[in-house]
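The values are calculated or read from the model by the stated rules, or taken from the named source; none is laboratory data. If you're wondering where the values come from, they're calculated on a predicted model, not measured in any experiment. Positions of Cβ are backbone-derived with ideal geometry, glycine not excepted, and every protein chain shown enters the neighbour counts. The accessibility values were calculated without ligands, DNA or RNA, using every heavy atom of the protein model including side chains. Shrake-Rupley method; radii C 1.70, N 1.55, O 1.52, S 1.80 Å.
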Amino acid sequence: MEFTIEKLVRENIRRMTPYSSARHEFAGEAAIFLDANENSIDSPVHLVVTGKDSSLQLNRYPDPLQHELKEKISRVKGVPAENIFLGNGSDEAIDLLFRIFCTPGKDNVIIFPPTYGMYEVCAEINDIEVKKVPLLSNFQINLEALEQTIDQNTRLIFICSPNNPTGNSMNREDVETILNNFDGLVIVDEAYINYARQRSFIPELTEYPNLVILQTFSKAWGLAGLRLGMAFAGLPVIEYMNKVKYPYNISTATQQLALAALEMVPTVNNWIQATEEQKSRLQKELGALSFTQHIYPSDANFLLVKMKEAKKVYDYLSQKGIVVRDRSRVKLCEDCLRITIGTIEENNQLTDALKNYPA
Ligand code: PMP
């Protein structure tokens, strides 16, 4: 299948001239910067990052292309820095893909529900039709239905693996079949990959020019509050994402905090291990409850649990101050709650509450 980026890009995006920041235009070494209308004196707050000798001043604009941070992510992820895009959460990358590759009122994208809600929300914001190909009852992709659904205006296919809210990874061969046969972009959202038994699609990036991988600092890295997401893709895709993004989309604070976090790989790995242990424990304890009907296998940091009258269980837990995600009205997830793996103490409270549930 031939992949030509220029055929995919919206005409106005292809033709436009991107914003050129002050720092873009000057390439030499300089000591005095009077080019960006910042406050040259100081910032009222200084950020102290663990491991840094001095505090960071925030009165200057950040590096628009986050070179230092991308170099470090490159070493951790094994992806060349030029193949990395960083966004304000992976949600920013999702939105940009619509704005770059889909013409409003004309093009469409395909999603496999039940899945992460932002694909559809971003499509609606951008006035792009969403074609839905429901997952099979085993939560895998229905390739035959997909083939029938793709048309000449289909630009993007979103594959969430491990999938939210079902928790399973998609069959690798199915993803490869789609990558080999679709001439638009295939977005593999790996937000939960650190918890998966299946390996990332990152090694396949060199093979498939139509592959975009999304990962995030919001899950295993413990930085949901920071808002930092990653997209890995071929150079032409990344170049368009850089062309359309806000010039300074990642703050200095975020860049510096993420650099510090990337020193903590062993700690993050310990947390992943601890989450796995708590997941096994919850699987056992929730499985022993009389009103639990099924616990789906999970490659993520949450469990999808089918319970008798799930909405009642949800209301009961809410009254006890424990919030889980009620997915009981979602097709294929009828009577299901999605429960994030908590700390040992949080899980104790959850299981204590459920043991006392008047089923
Ligand atoms: N993808 C999936 C599958 C998710 O579940 C989430 C968050 N719940 C995101 C992306 C968004 O991540 P971020 O915080 O990086 O925007």
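Numbers for the structure displayed
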| read-out | value |
| --- | --- |
| Per residue solvent-accessible surface (Å²) - the chain, probe of 1.4 Å | 49 |
| The chain, relative contact order [Cα under 8 Å, separation at least 6], % | 17 |
| Nearest-ten-degree value, helix 310-319 long axis tilted from longest Cα axis of the chain | 70 |
| Alpha-carbon centroid distance for the pair region 298-336 / region 233-292, whole angstrom | 23 |
| Isolated Cys residues of the chain, judged by Cβ distance under 4.7 Å to other cysteines | 102, 122, 160 |
| Heavy-atom accessible surface of the chain: percent carbon and sulfur, 1.4 Å | 50 |
| Radius of gyration and Dmax over the Cα atoms of the chain, both given in Å | 22.3, 71 |
| Region 229-359, Rg to Rh (Cα coordinates; Rh as Kirkwood inverse mean 1/r) | 1.12 |
| Cβ-based net charge around residue 184, under 10 Å, with every Lys or Arg adding one and every Asp or Glu removing one | 0 |
| Accessible surface ranking that places the most exposed of 240, 246 first, with a 1.4 angstrom probe | 246, 240 |
| Area of residue 340 that stays accessible when all protein chains are in place (1.4 Å probe, Å², to 10) | 80 |
| Backbone HN-Hα couplings from phi across region 168-175 [Karplus 6.51/-1.76/1.60, Hz, Gly and Pro as x] | 8, 8, 7, 4, 4, 5, 5, 5 |
| Largest-first principal axis extents, alpha carbons of region 213-278, Å | 43, 25, 18 |
| Burial ranking of peptide ranges 61-74, 212-225 (average Cβ count within 10 Å, highest at the top) | 212-225, 61-74 |
